[in-house]
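As structure tokens, the structure follows; a few thoughts come after it.
The values are calculated or read from the model by the stated rules, or taken from the named source; none is laboratory data. All values reported here derive from a predicted model rather than from experimental measurement. With ideal geometry, Cβ positions are generated from the backbone for all residues, glycine too; neighbour counts draw on all protein chains shown.
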Amino acid sequence: NAGVTQTPKFQVLKTGQSMTLQCAQDMNHEYMSWYRQDPGMGLRLIHYSVGAGITDQGEVPNGYNVSRSTTEDFPLRLLSAAPSQTSVYFCASSSGLAGVGETQYFGPGTRLLVL
Amino acid sequence: SQELEQSPQSLIVQEGKNLTINCTSSKTLYGLYWYKQKYGEGLIFLMMLQKGGEEKSHEKITAKLDEKKQQSSLHITASQPSHAGIYLCGAPLRGSNYKLTFGKGTLLTVNP
């Protein structure tokens, strides 16, 4: 049971480039989400999904796209990278609703630097 | 929007000392999660509290949610270097059972 996996671990992009951050979980969790972590800002929710085919925006969705074609995978796409998107990105999954006691499990993160 | 304030922002203690980290909400909490993060790594789930007055312990770490469900504390007894890291509290956003909002974290350093 690998839990939540993320690739790549590190990435350097030039402004304007696009890329996809991969996230996969093998726990059959319905709920998946993407956060970014910045110094002094804490973790902020980018996008989330409550099941295959269903996604919604979080606090800071601009510049990012997501899709959920399978239960296991939840990729995050940067359409045209900007220096403001330099951050550490975390993917998380859970089997149920946070408000009723379900734990979110986090991946190891992807460190992204946009030059 | 619901905000979570953590205090202190950073903490340096000598090995063996006890310490407390606080997480305060401007609104009633409907669940409070504590995570630990080591530099360059993901978040490790520690504990989840839901009921007012609830207290949970795991090894030398104890977390408590106050009766009013607006403040939680994380207490470490006899700290060790392995306790060092960033401690984050998180709570479901009001009106959305799924989305979690997080505090900005407390950086703990434990000197041998």
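Just for region B:27-62: of the residues that are of a type in the set (S, T, N, Q) and touching a residue at least 40 places away in the same chain (Cβ under 8 Å), which one is farthest from the other protein chains (Cβ to nearest Cβ)?
Here is the first cut: in region B:27-62, the residues of a type in the set (S, T, N, Q) are B:28, B:37, B:50, B:57, B:62.
From the residues that got through so far, the ones that are touching a residue at least 40 places away in the same chain (Cβ under 8 Å) too are B:28, B:37.
Details: B:THR28: 12, B:GLN37: 9 Å.
Only one residue tops the list, namely B:THR28.
Quick one: in region A:9-30, which of the residues that are outside any strand (DSSP E or B) and within 14 Å of chain B (Cβ to nearest Cβ) is surrounded by the fewest Cβ atoms within 10 Å (Cβ to Cβ)? Can you show your working first?
From region A:9-30, those outside any strand (DSSP E or B) are A:9, A:14-18, A:26-30; that's our starting set.
Still in the running and within 14 Å of chain B (Cβ to nearest Cβ): A:9, A:27, A:29-30.
Values: A:LYS9: 10, A:MET27: 14, A:HIS29: 20, A:GLU30: 18.
Looking at the filtered set, the residue picked out is A:LYS9.
Can you tell me how many residues in region A:36-58 are touching a strand residue (DSSP E or B) at 6+ places or on another chain (Cβ under 8 Å), within 9 Å of chain B (Cβ to nearest Cβ) and either assigned to a loop (DSSP other than H, G, I, E, B) or basic (Lys, Arg) (or both)?
2
Given the criteria within 12 Å of chain A (Cβ to nearest Cβ), among the β-branched types (Val, Ile, Thr) and out of contact with any Lys or Arg (no Cβ under 6 Å at 6 or more places or on another chain), does B:THR101 qualify? Lay out the reasoning, then the answer.
Working: within 12 Å of chain A (Cβ to nearest Cβ): yes; among the β-branched types (Val, Ile, Thr): yes; out of contact with any Lys or Arg (no Cβ under 6 Å at 6 or more places or on another chain): yes.
Yes; evaluated as a whole, the condition is true for this residue.
Identify all residues within region B:59-87 that are more than 20 Å from B:THR28 (Cβ to Cβ), aliphatic (A, V, I, L, M) and surrounded by 16 or more Cβ atoms within 10 Å (Cβ to Cβ); write none if there are none. Spell out the reasoning first.
Within region B:59-87, the first condition is being more than 20 Å from B:THR28 (Cβ to Cβ), and the residues that meet it are B:59-62, B:75-87.
From what's left, aliphatic (A, V, I, L, M): B:61, B:76, B:78, B:84, B:86.
B:ILE61, B:ILE76, B:ALA84, B:ILE86 - these are the residues of region B:59-87 that are more than 20 Å from B:THR28 (Cβ to Cβ), aliphatic (A, V, I, L, M) and surrounded by 16 or more Cβ atoms within 10 Å (Cβ to Cβ).
Please determine whether any residue of region B:40-51 is farther than 16 Å from B:THR109 by Cβ, part of a strand (DSSP E or B), at pLDDT 95 or above and not β-branched (Val, Ile, Thr).
Checked against the condition, which is being farther than 16 Å from B:THR109 by Cβ, part of a strand (DSSP E or B), at pLDDT 95 or above and not β-branched (Val, Ile, Thr), region B:40-51 yields no hits at all.
Report, by residue number, each residue of region A:42-79 that is touching a residue at least 40 places away in the same chain (Cβ under 8 Å), of a type in the set (A, V, I, L, M, F, W, C) and surrounded by fewer than 20 Cβ atoms within 10 Å (Cβ to Cβ).
A:LEU79 - this is the single residue of region A:42-79 that is touching a residue at least 40 places away in the same chain (Cβ under 8 Å), of a type in the set (A, V, I, L, M, F, W, C) and surrounded by fewer than 20 Cβ atoms within 10 Å (Cβ to Cβ).
Could you go through region B:8-30 and let me know if any residue there is β-branched (Val, Ile, Thr), more than 13 Å from the chain's Cα centre (by Cα) and buried (at least 16 other Cβ atoms within 10 Å of the Cβ). Walk me through how you get there before you give the answer.
First pass over region B:8-30, keeping only residues β-branched (Val, Ile, Thr): B:12-13, B:20-21, B:24, B:28.
From the residues that got through so far, the ones that are more than 13 Å from the chain's Cα centre (by Cα) too are B:12-13, B:28.
Among the residues that remain, those that are also buried (at least 16 other Cβ atoms within 10 Å of the Cβ) are: B:13.
So far as region B:8-30 goes, yes, one or more of its residues are β-branched (Val, Ile, Thr), more than 13 Å from the chain's Cα centre (by Cα) and buried (at least 16 other Cβ atoms within 10 Å of the Cβ).
Evaluate the following for A:SER33: is it polar (S, T, N, Q) and either in a strand (DSSP E or B) or closer than 20 Å to B:GLY42 by Cα (or both)? Before you say what the answer is, go through the steps one by one.
Working: polar (S, T, N, Q): yes; either in a strand (DSSP E or B) or closer than 20 Å to B:GLY42 by Cα (or both): yes.
So A:SER33 fits the description; yes.
Matching residues to (1) within 28 Å of A:PRO39 (Cβ to Cβ); (2) in a loop (DSSP other than H, G, I, E, B); (3) out of contact with any strand residue (DSSP E or B) (no Cβ under 8 Å at 6 or more places or on another chain):
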| residue | (1), (2), (3) |
| --- | --- |
| B:GLY16 | no, yes, yes |
| B:THR20 | yes, no, no |
| B:LYS27 | yes, yes, yes |
| B:TYR35 | yes, no, no |
